[in-house]
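This report concerns only the one structure given below.
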Amino acid sequence: MTEAVFYIMLFAGLILAAAAVAAVFRYYGKSRYLKRFDEMDGRDFEYYCAQLLERHGFCEVEVTKGSGDYGVDILAEKEGITYAIQCKCYNNPVGVKAVQEAYAGRDYYDRMVGCVLTNQYFTKAAIDAARKLKILLWDGGYLEALENER
């Protein structure tokens with residue numbers, strides 16, 4: 001083996017090792033992030049999200065009553081745009097039912113934008129329905145980005 005080939009293989013090995021280490025950090029970092037929500041019930045998560053939205057410029061943030069809320073947990077406004085937000089604190093991806101609830105709640109509360117905010121991600125069916133119904137999907141990555149912004 002020539003010296004050039006040796007260095008190329010060494011460099012490729014270092015890149016693979018760095019990628020593996022980065023993947024492990026992402027996996028365990030995400031696990032710790034998600035575990036925080038395991039101890040929250042749905043109502044705690046709604047209030048947590050409401051406070052987070054307020055910190056990011058949303059005003060007139062209101063957590064709706066627990067039952068009979070027509071599929072909306074938070075009402076808010078930002079820069080003249082009104083929002084109806086469905087919160088889902090799940091251990092698995094969020095399905096199409098949450099999108100349907102946000103759609104119905106957006107119209108019931110006469111809001112401009114309907115969205116679903118979760119600590120998880122969304123199923124393909126939920127994503128497809130959201131596109132069709134024009135519902136915003138704010139997933140765990142978006143929630144984490146909001147938390148990390150100050």
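Each value in this text was obtained by applying a stated rule to the coordinates, not by laboratory testing. Nothing here was measured: the structure is a model prediction, and the numbers come from that model. FYI the Cβ positions are ideal-geometry reconstructions off the backbone, even for glycines, and counts take in every protein chain you see.
With neighbour counts taken as other beta-carbon atoms within 10 Å, the residues V94, V61, V99 rank, fewest first, as V61, V94, V99. Each Lys and Arg Cβ is given +1 and each Asp and Glu Cβ -1; about its Cα centre, segment 32-149 then shows a dipole of about 480 debye. The Cα atoms of segment 40-148 give a gyration tensor whose axes a ≥ b ≥ c have a/c under 1.5, which makes the shape rounded.
Over segment 40-148, what is the percentage of antiparallel beta bridges among all DSSP beta bridges, to the nearest 5?
Close to 40 percent.
Using θ = phi - 60° in the Karplus curve 6.51 cos²θ - 1.76 cosθ + 1.60, the 3J(HN,Hα) couplings for segment 91-105 round to 9, 10, x, 7, x, 5, 4, 5, 5, 4, 5, 5, 4, 5, x Hz; x is entered for Gly and Pro.
Under a Cβ-only charge scheme (Lys and Arg +1, Asp and Glu -1), can you give me the dipole magnitude of segment 52-100 about the Cα centre, in debye to the nearest 20?
Value, rounded to 20: 260 debye.
Ordering V96, T64, G80 by Cα displacement along the dipole of segment 49-104 toward the positive end leaves V96 in first place; charges were set at the Cβ atoms of Lys, Arg (+1) and Asp, Glu (-1). Near Y121, the amide H atoms lying under 5 Å from its own belong to V94, G140; only residues 5 or more places off or on other chains count, and H is placed 1.01 Å from N. Amide H contacts under 5 Å for C87: D73, I74, L117, restricted to partners 5 or more places along the chain or on a different chain, H placed in the peptide plane at 1.01 Å from N.
Amide H contacts for G114 (H built 1.01 Å from N in the peptide plane; partners 5 or more residues away or on another chain; cut-off under 5 Å): A84, L136.
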